[in-house]
Amino acid sequence: MVIGAVSSWVGLINIQWPKRPVGCFVFHDIPESIRQKMEELEKRDAVDRADGTERLDRLRQIPPETGRFIALLAASAPAENWIEIGTSAGYSTLWLALACRERRRTLTTFEILTSKAAMAAETFSATGVGDVVTLVEGDFLSHVSRLGPIGFCFLDAEKEIYGSCYEAIVPRLVPGALLVADNAINHQATLQPMLDVALSDPRVDALVVPIGKGELVCRKR
């Protein structure tokens, strides 16, 4: 199920953007609607973590410093398909949308839970990022065969599928493309098999960056 005005998300990379000055969106001059929504989601995430909200009902989103980190990385990524696996309420997507605006790219984000996809759709409507973000409700692994070359991927889904996602993504990365996977430190025990593969994979250069909950960063060779 695709949510938003664009019914076909394959090939969005070919959108022709109007000319405008570059350098206006990543961190500086963040639109007020996006800033306010980020603050709202940050407050809700903090409450979720403090009040014992059930795991699947929590936002479980990245902290702001990780948002800035992935936006910087995305803004330097090759101009191929940009994707996100695990949208939740769209907080990380908003950071990536800033990079999309900076680079005149588009992002396709996948969310498997209907409740979270609905929240994300509201986030994108309230912040006006529908021109650069397409939300797909469903299992990423069931859609991956439709993907072309990938320039950037942010992975923040259920940890049990990280290995499968890694093996599906890496062959599709173009040279210089980036794969960033969240929770590499705070869920290290669960992710260790995938981390071992990535850190020894001759197809990529990889390291774990101690920011936020730990980010595995892989660059395709």
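The values are calculated or read from the model by the stated rules, or taken from the named source; none is laboratory data. From a predicted model like this one, the values you see are computed outputs, not experimental measurements. When we count neighbours, we look across all protein chains shown, and the Cβ atoms used for this are built from the backbone with ideal geometry, even at glycine.
Remarks
Matching residues to (1) touching a strand residue (DSSP E or B) at 6+ places or on another chain (Cβ under 8 Å); (2) within 20 Å of residue 60 (Cβ to Cβ); (3) loosely packed, with under 14 Cβ neighbours inside 10 Å:
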residue	(1), (2), (3)
177	yes, no, no
183	no, yes, no
196	no, no, yes
200	no, no, yes
204	yes, no, no
210	no, yes, yes
215	yes, yes, no
220	yes, no, no
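- The residue of the stretch 200-221 that is nearest to the chain's Cα centre (by Cα), among those that are β-branched (Val, Ile, Thr) and over 14 Å from residue 171 (Cα atoms), is 217.
- Number of the exception - residue 161 against (1) surrounded by 15 or more Cβ atoms within 10 Å (Cβ to Cβ); (2) closer than 14 Å to residue 110 by Cα; (3) in contact with a strand residue (DSSP E or B) (Cβ under 8 Å, 6 or more places away or on another chain): (3)
- Residue within the stretch 135-149 that is farther than 15 Å from residue 77 by Cα and of a type in the set (Val, Ile, Thr) present: yes
- Residue 11 satisfies every condition listed in (1) crowded, with 17+ Cβ neighbours inside 10 Å; (2) at pLDDT below 95 except (1).
- Any helices (runs of 4 or more DSSP H) falling wholly within the stretch 37-144 and containing at least 2 residues that are at pLDDT 95 or above and either of a type in the set (S, T, N, Q) or more than 28 Å from residue 220 (Cβ to Cβ) (or both): 91-103, 114-127
- Applying the condition of being of a type in the set (D, E, K, R) and either without any contact (Cβ under 8 Å) to a residue 12 or more places away in the chain or touching an Asp or Glu at 6+ places or on another chain (Cβ under 7 Å) (or both) to the stretch 168-205 and asking which residue is nearest to residue 74 (Cα to Cα) yields 182.
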